[in-house]
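**Q** Below you'll find the structure I mean.
The values are calculated or read from the model by the stated rules, or taken from the named source; none is laboratory data. None of these values were measured; they are calculated from a predicted model. Because the Cβ atoms are built from the backbone with ideal geometry, glycine has one as well, and the counts that use them run over all protein chains shown. Ligands, DNA and RNA are excluded from the accessible area calculation, which covers all protein heavy atoms including side chains. Shrake-Rupley method; radii C 1.70, N 1.55, O 1.52, S 1.80 Å.
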Amino acid sequence: MWWRLCSLLACFPLQEAFLTNHTETVTVEEGQTLTLKCVVSQGKTTSLQWLAPSGFTIFLNEHPALKNPKYQLLHHSAHQLSIGVLNVSQQDEGVYKCLRYGSSVRTKEVKVIVTATPSAPILEASVTRMQNGKEHVTLKCSTVRSKPPPQITWILGNDIELYGETHHEFETDGKKCNSSSILRVHTYSKNSTVDCIIRHKGLQGRKLVAPFRFEDTVTDRETASDALEKNSPSSADPQQPTSTVAVVEDSNTTEIDKEEKNQTAQDPDLTTETNLQYVGVIRRKNGILLLTLVSFLIFILFIIVQLFIMKLRKAHVIWKKENEISEHTLESYKSRSNNEETSSQEKKDQTFHSKSYMNYITRLYSEAKTRRKDDPRSSKFKGEPAHIPETIV
């Protein structure tokens with residue numbers, strides 16, 4: 001019982017030492033200064049350290065570890081280490097850590113979110129005249145390089161707010177995006193107005209407004225060109241919202257379309273014949289192209305075959321030369337061997353005959369010597385050499 005109680009009392013300091021993580025979130029606008037504070041309570045603290053999101057040390061106490069002018073030391077004491085990050089960009093986004101070294105290591109994490117306010121909206125308007133003489137206006141409001149994506153709405157008059165067709169397209173880094181909204185108006189009066197409203201958390205409650213007046217959409221081209229010069233972006237303040245008006249008249253196109261429709265209604269076979277001729281031309285072009293490709297492939301194949309045949313002939317000539325050389329070498333070797341065998345045989349025969357002859361002479365001489373000893377007259381003619389018969393010699 002006492003042992004368990006002592007174990008529980010001993011665990012309390014260890015649990016306090018490991019319960020060290022503290023996380024907070026800070027949102028800062030791009031281009032502003034980020035301030036990071038690490039404050040500890042009164043106690044035994046040896047060192048304070050700030051780590052960048054990449055894991056590298058920014059400051060260890062008052063000593064800078066990264067030689068980067070954008071990191072500045074704001075305050076340092078035994079219980080506080082405050083640093084500043086100047087001109088924050090999207091690359092500075094991430095989790096910063098403050099390590100407090102003492103009896104235990106405590107960690108404070110600060111998640112930094114960098115926002116980018118949208119640019120001043122650009123309003124474009126195009127007027128399309130229909131066949132029945134009526135007009136409809138297409139309005140497009142766009143803004144770029146914002147994070148997170150903004151909210152785009154339209155206010156008709158001064159009391160009706162609605163959404164258009166909103167589209168967000170992110171950049172290659174996946175952080176900032178370009179946004180646009182399209183609104184189509186079919187019925188309006190020359191005194192009507194419409195405003196494009198941009199809302200974003202980085203604006204801190206403010207709104208970006210791009211106004212548009214329908215009185216600019218006149219039917220006369222000259223008036224439309226004057227309105228285009230009035231509302232062109234070059235004449236406006238670059239920091240203020242701008243609007244562009246484009247008038248599209250399709251009356252001539254409408255008359256031509258009507259004439260074509262009437263001709264088609266009068267002679268329906270004309271369209272069919274024209275389509276057939278067009279299809280025939282397309283097929284002919286496709287056939288010529290296919291024939292050209294096939295001819296080119298056949299030509300390439302012919303060249304490859306010729307190169308293979310030339311290589312094969314060259315290899316055959318080389319093989320034939322090597323074969324002739326080997327045969328000639330074999331014949332010369334055989335003739336040389338035969339000559340050597342013949343000469344050796346002749347030498348053997350001569351040696352054999354010489355030895356036989358010497359043996360024969362020796363044997364005759366021995367026989368003559370023996371006869372002389374046996375002859376009684378040998379004592380008389382002692383000292384004279386025995387007479388060798390002439391026939392033996």
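**Q** Please find, within segment 90-108, the residue that is modelled with the lowest pLDDT out of those that are open to solvent by less than 50 Å² (accessible area, probe 1.4 Å) and part of a strand (DSSP E or B).
**A** Here the answer is 102.
**Q** Here's another thing I want to ask about it. Here's a check for you: in segment 191-202, which residue that is at pLDDT below 90 and over 30 Å from residue 134 (Cβ atoms) is surrounded by the fewest Cβ atoms within 10 Å (Cβ to Cβ)?
**A** 201
**Q** On to the next question. Can you confirm whether segment 68-78 contains a residue that is of a type in the set (A, V, I, L, M, F, W, C), part of a strand (DSSP E or B), in contact (Cβ under 8 Å) with a residue 12 or more places away in the chain and out of contact with any helix residue (DSSP H, G or I) (no Cβ under 8 Å at 6 or more places or on another chain)?
**A** Among the residues of segment 68-78, at least one is of a type in the set (A, V, I, L, M, F, W, C), part of a strand (DSSP E or B), in contact (Cβ under 8 Å) with a residue 12 or more places away in the chain and out of contact with any helix residue (DSSP H, G or I) (no Cβ under 8 Å at 6 or more places or on another chain), which makes the answer yes.
**Q** Name the single residue, out of those in segment 322-361 being polar (S, T, N, Q) and open to solvent by 90 Å² or more (accessible area, probe 1.4 Å), that is modelled with the highest pLDDT.
**A** 359
**Q** Looking for something farther than 18 Å from residue 111 by Cα, outside any strand (DSSP E or B) and at pLDDT 75 or above - is there at least one such residue anywhere in segment 2-16?
**A** No, because not a single residue in segment 2-16 is farther than 18 Å from residue 111 by Cα, outside any strand (DSSP E or B) and at pLDDT 75 or above.
**Q** Another question, then. For segment 121-137, how many residues are buried (at least 19 other Cβ atoms within 10 Å of the Cβ) and not in a strand (DSSP E or B)?
**A** Number of matching residues: 1.
**Q** So in segment 162-190, with the set limited to residues that are in contact with a helix residue (DSSP H, G or I) (Cβ under 6 Å, 6 or more places away or on another chain) and not hydroxyl-bearing (Ser, Thr, Tyr), which one is surrounded by the fewest Cβ atoms within 10 Å (Cβ to Cβ)?
**A** Among them, the one singled out is 190.
**Q** Name the pairs: first residue in segment 203-221 and surrounded by 12 or more Cβ atoms within 10 Å (Cβ to Cβ) and in a helix (DSSP H, G or I), second residue modelled with pLDDT under 85 and of a type in the set (Phe, Trp, Tyr), Cβ to Cβ under 7 Å, at least 6 apart or on different chains?
**A** Correct list of pairs: 214/188.
**Q** For residues that are surrounded by 14 or more Cβ atoms within 10 Å (Cβ to Cβ) and aromatic (Phe, Trp, Tyr), scanning just segment 39-84, find the one that is farthest from residue 26 (Cα to Cα).
**A** 59
**Q** Ok, one more. Which numbered condition trips up residue 87, out of (1) within 23 Å of residue 206 (Cβ to Cβ); (2) within 42 Å of the chain's Cα centre (by Cα); (3) open to solvent by less than 30 Å² (accessible area, probe 1.4 Å)?
**A** Of the numbered conditions (1) within 23 Å of residue 206 (Cβ to Cβ); (2) within 42 Å of the chain's Cα centre (by Cα); (3) open to solvent by less than 30 Å² (accessible area, probe 1.4 Å), the odd one out for residue 87 is (3).
**Q** Which ones in segment 315-353 are over 60 Å from the mean Cα position of the chain (by Cα) and acidic (Asp, Glu)?
**A** Selection gives 327, 331, 340, 341, 346, 349.
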